[in-house]
Amino acid sequence: MKFEDKKALELFAVKVREGILRSTNACSSGHPGGSLSAADYLTYLYNREINANPAEPNMSERDRFVLSKGHASPALYAVLAHMGFFPVEDLLTFRKIDSNLQGHPNMNLTPGVDMSTGSLGQGISVACGMAKAAKFLQKDLNVYTLLGDGEIDEGQVWEAVTFAAHYKLDNLCIAVDVNGLQIDGATKDVMNTAPLDRRFESFGCEVIEIDGHDFDELEKSFEFFHANKNHGKPTVILLRTVKGKGVSFMENQAGWHGKAPNDEQLAQALSELADARKKIEEAI
Amino acid sequence: MEGMKKIATRDSYGNALVELGKIHDDIVVLDSDLAMATKTVLFKKEFPNRHFDCGIAECNMIDVAAGMSTFGLVPFASSFAMFAAGRAFEQVRNTVGYARLNVKICATHGGISVGEDGASHQCCEDFALMRTIPNMVVMSPSDDIEARQMVKAVYKYKGAVYIRFSRYAVPIYHDENFKFEIGKGEIVRDGSDIAIIANGLTVSESIRAAEILKSEGISARVINIATIKPLDEEMILNAAKDCGKIITVEEHTIIGGLGDAVCSLLAEKNPVPVKRIGINDEFGHSGSAAELLKQFGLSAENICVKVREMLGKN
């Protein structure tokens, strides 16, 4: 990836993180931890990978994205807003009464949201249905979905992966945000699902594990997905991530799963992000 | 009812799917390793490329159907009522229902007439579960002609639908001129002393009850409420006004089904005495369908007993 392209993505991701923090602060609720860990993946996905058009969010030939870990809605909303699907100011209405930005994504309210999600384990099944439909209708498009590593405790995830492999859904790209934490603590302590790579491989998927905060590696992982197309296997990208990434006091803290920053914490977080932006701009 | 041809509405479902599939390319059918029993196998034989077995994974199947519907396909997803409405309730609620998707959930093997398999497979809760989901259309046909028309009607209807079909063969009492409409009840026999409101296989028993009662000088109106939601309120309120007393009959727990829907309506708009016949908050058990229907009070004879009680003529 070109240096300036990478820096542009890094700057976009800073804006996304600001959006996550401001929107959760404004309503004093929401899930910043798992949104921050997913911010770089979503930044890359919408800027470089997915065929989607803010001017025509429902165009039939678009790629589809299903946020199976629906609680990371602040990250998705911030990305969609900065891509131009709706005004950035709307982020401050998140979770508020009569807002189009529900606590968990609603496809009938928010432009750019391809599926209503929130109940864990279901989004990946819907994504399977979309990928199957695309194949059935001979549409050359891709379906992307993002799961949490806590989410894969749900048995339905494995029903879906079995389905994806059985029906050879190589147009399906399943990413897992492996931040290692879920609400009650470390995933290895709450419910150990390791080894994820071997699990997904044994279910019949092509698996790649990358640093989920490194845009060069993200690019590589999607190249891996495209190289596997027409091989008859779904692709799984295991994103090694840090919960709360980009805000020092939130990083690797399970407590920030479902807690919003107060005004003081927001100010500190924004100043850290301002420093990060400055560094990126200086490098350019 | 004697001498009438009988057919199980699950067969009607399979046959109607084939008829529809011949006309409409956008119909796809999903099953969960029960195609032989749900009769989607008939569609599979005709259109193998449009029938997708999802294995024994009903929750995944419902959400796969949801995903397919977003591409303009019209998925019919089938399993037993126990698993489609029961096991996959939350998938129906949170994905199909909440996202307002055009998915047709067509469950067979509803009620105790499943028979020998016993309580684990006798779903008597599906109307109650499905009724609670906003915008969900909930239906159950009473014979072959109604069932086939219902399947065609839900293809035309845009939105989420739950239909319960039955494994037990029931008399075909409609003629080919019958016109089914979603949300419309049907006065099958007119009468003025009491109204018997039924659906599914209890309609033919109710007709038989009305014939027995007629010989005793009791005029019973029989109403088929094939669409439990949205309810044909006008027809039920007219029955309350004209007859003054109502009996509901359903192959379902008396909690949350047709009887409760009728009671809720009447309690608010015209309270008249109602007796609910159904499964009385208990599980079923193994036995032949005919024995079970009799034992659980879903026979014409028991309906007559309850009518006489209500009218003080026992």
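Every read-out reported here was derived from the displayed coordinates using simple, explicitly stated rules and does not represent laboratory data. Predicted model only: the values in this text are computed from it and were never measured. Cβ sites come from the backbone with ideal geometry, for glycine too, and all protein chains shown count toward neighbours.
Brief remarks follow.
- Highest-MSF residue in chain A out of A:Pro32, A:Pro87, A:Pro74 [GNM, Cα springs under 10 Å]: A:Pro87
- Sum of -39500 (n - 2.57) over DSSP H runs of 4+, divided by residues of chain A (222 nm, nearest 500): -14000 deg cm²/dmol
- For B:67-78, mean number of other protein chain Cβ atoms within 10 Å: 5
- Residues in the stretch A:207-213 carry Karplus couplings, in order, of 10, 10, 10, 9, 6, x, 10 Hz; the curve used is 6.51 cos²θ - 1.76 cosθ + 1.60 with θ = phi - 60°, and Gly or Pro positions show x.
- Taking the C-alpha atoms only, the angle from helix A:122-136 to the longest principal axis of chain A is near 50 degrees.
- Other protein chain Cβ atoms within 10 Å, averaged over every residue that makes up B:97-103: 4
- Other residues whose C-beta falls under 12 angstrom from the C-beta of A:Leu172 contribute a net charge of +3, scoring Lys and Arg +1 and Asp and Glu -1.
- Distances between placed amide hydrogens fall under 5 Å for B:Val28 paired with B:Val74, B:Phe76, all partners being 5 or more residues away or on another chain.
- The stretch B:137-181 and the stretch A:198-232: distance between their alpha carbon centers, rounded to Å: 47
- Here the simple spin-label model places points 7 Å from the Cα toward Cβ, and for B:Gln295 and B:Ser219 these points are separated by 4.0 nm.
- For the stretch A:229-241, backbone phi angles converted through the Karplus equation (6.51, -1.76, 1.60; θ = phi - 60°) give residue-by-residue couplings of 5, 6, 8, x, 10, x, 9, 10, 10, 8, 8, 6, 9 Hz, Gly and Pro being listed as x.
- Springs join every pair of Cα atoms under 10 Å in this Gaussian network model of chain A, and among A:His226, A:His213, A:His257 the largest mean-square fluctuation is at A:His226.
- Rounded to the nearest Hz, the phi-derived 3J(HN,Hα) couplings of the stretch A:13-22 under the Karplus curve 6.51 cos²θ - 1.76 cosθ + 1.60 (θ = phi - 60°) are 5, 5, 4, 5, 5, 4, x, 4, 6, 5, where x marks glycine and proline.
- Modelled spin labels at A:Ala55 and B:Ser192, positioned 7 Å past Cα toward Cβ, are 7.0 nm from each other.
- Highest to lowest packing among A:161-171, B:78-88, scored as the average C-beta count within 10 Å: B:78-88, A:161-171
- Between the helical axis of A:32-44 and the longest alpha-carbon principal axis of chain A there is an angle of about 60 degrees.
- Angle between chain B longest axis and helix B:9-23 axis [Cα atoms, degrees, rounded to 10]: 50
- Neighbour cut-off at most 16 other Cβ (10 Å), DSSP loop, trypsin sites (Lys or Arg not before Pro), the stretch A:197-284: A:Lys229
- Neighbour-limited loop hits for GluC sites (Glu not before Pro), the stretch B:131-240 (at most 15 other Cβ within 10 Å; DSSP other than H, G, I, E, B): B:Glu176, B:Glu181, B:Glu216
- Structure-based [θ]222 nm, chain B - -39500 (n - 2.57) summed over DSSP H runs of at least 4, per residue, nearest 500: -10500 deg cm²/dmol
- Short-range pairs are left out: with C-alpha atoms under 8 Å and at least six residues apart, the relative contact order of chain B is 18 percent.
- Here's how it looks for B:Ser286: its modeled amide H is under 5 Å from those of B:Ala119, which are all 5 or more places away or on a different chain.
- Remark: A:Phe203, B:Phe165 ranked as A:Phe203, B:Phe165, counting other beta-carbon atoms within 10 Å and listing the fewest first.
- Computed E for B:Lys179/B:Ile56 - FRET, C-beta separation, R0 41 angstrom, nearest 0.05: 0.60
- Cα-centred dipole magnitude for chain A, charges only on beta-carbon of K, R (+1) and D, E (-1), debye, nearest 20: 400
- A simple spin-label model places pseudo-atoms 7 Å from Cα toward Cβ; at B:Lys6 and A:Leu109 they are separated by 5.1 nm.
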